[in-house]
Amino acid sequence: GLPARVTIHEVGPRDGLQNEAAIVPVEVKAEFVTRLARAGLTRIETTSFVHPKWVPQLADAAELLDRLEPAPGVRYPVLVPNERGLDRALERGVAEIAIFGSATETFARRNLNQGLESQFAMFAPVVERALRHGLRVRAYLSMCFGDPWEGAVPVEQVVRAGARLLDLGCFELSLGDTIGVGTPGHVAELLDGFAAAGVGPERLAVHFHDTYGQALANTLTALTKGVTVVDASAGGLGGCPYAESATGNLATEDLVWMLDGLGVETGVDLTSLVETSVWLADRLGRPSASRVVRALGPA
Ligand code: HMG
Ligand code: MG
């Protein structure tokens with residue numbers, strides 16, 4: 001069966017905008033986040049405290065947070081890779097962070113300048129100190145379904161890395177199909193692998209990029225397996241600058257359309273969300289990749 005309710009973890013301002021070629025003005029970002037909250041999203045991943053040279057697009061993280069007027073009941077998590085990032089996040093008084101690990105050696109090196117093993121030593125003190133400060137810590141795991149350099153990634157390797165991230169004290173693990181190569185049977189197999197290792201769907205979220213058009217089918221499979229938290233990006237923005245073959249995330253509008261049709265509650269107002277993506281597409285100077293935005297937006 002399907003869950004009665006799904007929580008959408010909106011990643012547009014972070015995963016979406018980290019990949020834009022042209023710098024988006026900080027006031028546009030702030031308005032984007034505000035509009036997303038108004039549309040009913042309750043988890044909005046806002047920015048990253050990563051090295052500004054690695055991701056110049058998000059170098060304005062502190063300034064963006066200073067401009068936000070937090071809405072009641074809305075969480076504004078930020079990515080934090082290391083202790084320097086945590087210092088910067090704590091200075092801004094954030095309440096929730098996300099660490100982001102890799103299931104493969106190559107991507108750990110390319111994205112974090114760490115090895116598959118040494119990344120855990122980088123994350124451990126971050127999580128420990130964040131929890132001590134009362135923050136909530138989410139974990140991401142990238143390349144769960146395939147890696148552009150290493151090819152297929154064995155389920156056991158993904159489960160082992162994911163369980164270690166959770167063991168650090170993270171409340172949730174988001175399984176990233178960074179380059180969008182996964183298919184529904186693989187999703188079922190991976191979730192079964194986690195269940196067999198004692199990690200049930202209530203601790204997992206799914207994070208699908210839509211490179212091969214599989215994101216909705218993969219999401220539906222995860223929902224039938226008991227997952228109730230789904231990452232998505234308004235307008236289908238997104239990608240990872242350190243994995244060139246990655247395109248946009250599952251579009252939030254496409255997800256909401258499907259869930260509305262299935263009678264699964266999300267609390268998100270589709271009309272308001274589409275208006276937001278049309279507004280942002282105007283600012284970015286190109287149409288949204290989302291089929292639903294194109295169908296419902298102005299001709
Ligand atoms: P590094 O160069 O190894 O850093 O980068 P370092 O620890 O050697 O430090 C070098 C200098 O950088 C030092 O300064 C540090 O203070 C400074 P110096 O002493 O030389 O003057 N530094 C920092 N400055 C600001 N903020 C920081 C920071 N850290 C060090 N946080 C690092 C290591 C992890 C920082 C770098 O590799 C990095 O920033 N990587 C982030 C890459 C990234 O953001 N990728 C995209 C997000 S992941 C993603 O999109 C996937 C996801 O969506 C899921 C999926 O789809 O699979 C989540
Ligand atoms: Mg991503």
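If you check Ala161 against the conditions, is it within 20 Å of the chain's Cα centre (by Cα) and surrounded by 22 or more Cβ atoms within 10 Å (Cβ to Cβ)? Considered against the rule, which asks whether it is within 20 Å of the chain's Cα centre (by Cα) and surrounded by 22 or more Cβ atoms within 10 Å (Cβ to Cβ), Ala161 comes out as yes. When each of Val227, Val206 is tested for being part of a loop (DSSP other than H, G, I, E, B) and modelled with pLDDT of 95 or more, the lone residue that passes is Val227.
Rundown of residues vs (1) touching a residue at least 40 places away in the same chain (Cβ under 8 Å); (2) closer than 21 Å to Val199 by Cβ, yes/no style:
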| residue | (1), (2) |
| --- | --- |
| Gly93 | no, no |
| Thr106 | yes, no |
| Met122 | yes, no |
| Leu141 | yes, yes |
| Glu150 | yes, no |
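The set of residues in the stretch 124-173 being within 16 Å of ligand 2 (Cβ to nearest atom) and not aliphatic (A, V, I, L, M) consists of Arg138, Tyr140, Ser142, Cys144, Phe145, Gly146, Asp147, Pro148, Gly162, Glu172. Just so you know, in the stretch 212-242 the residues that are surrounded by fewer than 21 Cβ atoms within 10 Å (Cβ to Cβ) and of a type in the set (Gly, Ala, Ser) include one that is nearest to Ala4 (Cα to Cα), and it is Gly226.
Annotation note: of Gly185, Gly169, the sole residue that is on the phi > 0 side of the Ramachandran plot, at pLDDT 95 or above, more than 16 Å from ligand 1 (Cβ to nearest atom) and more than 17 Å from the chain's Cα centre (by Cα) is Gly169. Taking the conditions (1) farther than 22 Å from Thr228 by Cβ; (2) more than 7 Å from ligand 1 (Cβ to nearest atom) in turn, Pro52 satisfies each one other than (2).
Restricting Val137, Val127, Val94 to residues that are of a type in the set (A, V, I, L, M, F, W, C), more than 11 Å from ligand 1 (Cβ to nearest atom) and either part of a strand (DSSP E or B) or at positive phi (or both) narrows the list to Val137.
A single entry from Ser233, Ser245 fulfils the requirement of being polar (S, T, N, Q) and within 11 Å of ligand 1 (Cβ to nearest atom): Ser233.
Residues in the stretch 230-261 that are in a strand (DSSP E or B), within 22 Å of Trp279 (Cα to Cα) and out of contact with any Gly (no Cβ under 6 Å at 6 or more places or on another chain): Asp231, Ala232. For the stretch 170-203, a residue qualifies if it is farther than 29 Å from Leu135 by Cβ, assigned to a helix (DSSP H, G or I) and among the hydrophobic types (A, V, I, L, M, F, W, C), and the qualifying residues are Val187, Ala188, Ala196. Scanning the stretch 266-280 for residues that are within 20 Å of the chain's Cα centre (by Cα) and assigned to a helix (DSSP H, G or I), which turns out farthest from Ile23 (Cα to Cα)? The extreme case among them is Leu270. Identify, please: which residue in the stretch 1-23 is part of a loop (DSSP other than H, G, I, E, B) and away from ligand 1 (no atom under 16 Å from the Cβ) and is, among those, farthest from Ser288 (Cα to Cα)? Step by step, filter the stretch 1-23, then rank; the result is Gly1. Filtered by the rule that a residue be away from ligand 1 (no atom under 14 Å from the Cβ) and in contact with a helix residue (DSSP H, G or I) (Cβ under 8 Å, 6 or more places away or on another chain), the stretch 64-81 gives Leu64, Arg67, Leu68, Glu69, Ala71, Val74, Tyr76.
The values are calculated or read from the model by the stated rules, or taken from the named source; none is laboratory data. Worth saying up front: this structure is predicted, and the values here are computed from it rather than measured. We place every Cβ from the backbone using ideal geometry, glycine too, and count neighbours over all the protein chains shown.
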